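The values are calculated or read from the model by the stated rules, or taken from the named source; none is laboratory data. A quick note: this is a predicted structure, and the numbers were derived from the prediction, not measured. No Cβ is skipped: glycine too gets one built from the backbone with ideal geometry, and neighbour counts run over all protein chains shown.
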Amino acid sequence: MSLERDYDCSACDEERTFYRAASTTLRLGEKVKWRCPECGYSVVTIGDDIDSTVTA
């Protein structure tokens, strides 16, 4: 269980270290909310397959 992860923050326009803000377990896997400490922008991941930063 990692408490930090690097993402490209679309609000800051650069790569930042996001921190784990919340998590819960779903049937699809663990849902984790990651937050940028600089601006408060949030990213959600579910398991290893679903990531709100990925575009279709």
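Observations
- Verdict on Ala11 being of a type in the set (A, V, I, L, M, F, W, C), surrounded by fewer than 13 Cβ atoms within 10 Å (Cβ to Cβ) and without any contact (Cβ under 8 Å) to a residue 60 or more places away in the chain: yes
- Which numbered condition Ala21 fails, given (1) in a loop (DSSP other than H, G, I, E, B); (2) small (Gly, Ala, Ser); (3) surrounded by 12 or more Cβ atoms within 10 Å (Cβ to Cβ): (1)
- Single unsatisfied condition, Cys39 versus (1) over 17 Å from Leu3 (Cβ atoms); (2) part of a strand (DSSP E or B); (3) among the hydrophobic types (A, V, I, L, M, F, W, C): (2)
- Considering residues of the range 24-36 that are part of a loop (DSSP other than H, G, I, E, B) and modelled with pLDDT under 95 only, the residue surrounded by the most Cβ atoms within 10 Å (Cβ to Cβ): Leu28
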